[in-house]
Amino acid sequence: MKNVTEMGKNRTGIDLSPIDKKLLMDGAANTVPTSDGDESAIDETRVEYAARGASIGSVPPPATIKGAAGAVRDMAKGANANVFIDKLGERLAFERTGTRLYGALLSKLDAASPLPAGPEREDLEQIQREEQAHFEMLREVMLSLGADPTAITPSADVTAVTSMGLIQVLGDPRMNLKQSLEAILVAELVDNDCWSTLIELARAGGHDAIATRFVRALEEEEVHLANVRTWVRNATIAEGAPAKRG
């Protein structure tokens, strides 16, 4: 696998065929619409569907006495326990996906020529171990609160759909190591923001000990983001820089 952007037989643009380009543009300009109106009709349809659309899911009720008691305590403090559990489920799902993404990235690393300034295999293995540890920690937290870590909460469902593109990039053998790192960068940016929000939710519900554990996770995620950002930048700059003449 080569980590280079090559010039090749890309025929997706129309400039390669000037004659057909003119015909295509003339045809578009002279084509009569098949119906009256503009894009406002589809906008109205979207609004109609959205207004009557069903919820993507729900947070399951506490299955244990401990979970029910915790929800009551949060409510007494003015906090919505459902939101906290929902976002815990979201992060748990994302960290599980992150662990798998780094596993796929390791395969890309093994198949590719090295990038300037990293990453090395041990760098990615370290991040993968920490992603796995975050998943296990979130699972423990949910169990301690009487929540079911196997339930797919609404936000977990949304993040699973959102992550599909990242999974496709990492799983596509045509995507090289640099391109795969760019997808990982998207994941790390989201992860950092979501951990910050989760910390605020934990503190709002009076879960200070849990918030402390989340702060440590965020600190590790900040290192992940800084490293991936550096790897992507260095690889891109090195590829685009003029070749050195001996």
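Read-outs throughout are calculated quantities, based only on the coordinates presented, and are distinct from any laboratory measurement. No experiment lies behind these values; they were computed from the predicted model shown. Positions of Cβ are backbone-derived with ideal geometry, glycine not excepted, and every protein chain shown enters the neighbour counts.
Assign one of three labels to region 109-171, namely rounded, prolate or oblate, based on the Cα gyration tensor with a ≥ b ≥ c the square roots of its eigenvalues; rounded applies when a/c is under 1.5, prolate when it is not and a/b is larger than b/c, and oblate otherwise.
Oblate.
Can you tell me the FRET efficiency between Glu140 and Glu239 if r is taken as the Cβ-Cβ distance and R0 is 45 Å, rounded to the nearest 0.05?
Plugging the Cβ-Cβ distance into 1/(1 + (r/R0)^6) gives 0.60.
Using only Cα atoms and rounding to the nearest 10 degrees, what angle (0 to 90) does helix 177-204 make with the longest principal axis of the chain?
30
Could you tell me the calculated FRET efficiency between Thr162 and Lys22, based on Cβ-Cβ distance and R0 = 45 angstrom, to the nearest 0.05?
0.65
Anyone know which of Ile127, Ile85, Ile42 comes out most mobile in the 10 Å Cα GNM of the chain?
Most flexible of the set in this elastic network: Ile42.
With no solvent and one point on each alpha carbon, what is the Debye value of log10 I(q)/I(0) for the chain at q = 0.08, 0.12, 0.15 Å⁻¹?
The Cα Debye sum returns log10 ratios of -0.49, -0.86, -1.04.
Taking the Cα centre of each part, how many Å lie between region 139-180 and region 193-208?
20
Using each residue's phi in region 218-235, evaluate 6.51 cos²θ - 1.76 cosθ + 1.60 at θ = phi - 60° and report the 3J(HN,Hα) Karplus result to the nearest Hz, with x for Gly and Pro.
Residue by residue, region 218-235 yields 4, 4, 5, 5, 5, 5, 4, 4, 4, 5, 5, 4, 5, 4, 5, 4, 4, 5 Hz.
Among Gln168, Gln132, Gln179, determine the one that fluctuates most according to a GNM of the chain built with springs between C-alpha atoms less than 10 Å apart.
Gln168
Taking only Cα atoms, what is the 0 to 90° angle, nearest 10, from helix 81-111's long axis to the longest principal axis of the chain?
Taking Cα atoms only, the helix is inclined about 40 degrees.
Looking at region 109-246 from every direction and averaging, what is the projected area of its Cα convex hull in nm²?
Result: a mean projected hull area of 10.0 nm².
Among Val232, Ala217, Ala204, whose Cα lies farthest out toward the positive end of the dipole of the chain, if unit charges sit on the beta carbon of Lys, Arg (+1) and Asp, Glu (-1)?
Result: Val232, furthest along the dipole toward the positive end.
What FRET efficiency would be calculated for the residue pair Leu189, Val47, taking the C-beta separation as r and a Förster radius of 25 Å, to the nearest 0.05?
According to the calculation, E is roughly 0.25.
What does the charge count near Leu181 come to, summing +1 for each Lys or Arg and -1 for each Asp or Glu among other residues with Cβ under 12 Å from its Cβ?
Result for the local shell: +1.
Using only Cα atoms, find the angle between the long axis of helix 65-76 and the longest principal axis of the chain, and express it within 0 to 90 degrees, rounded to the nearest 10.
80
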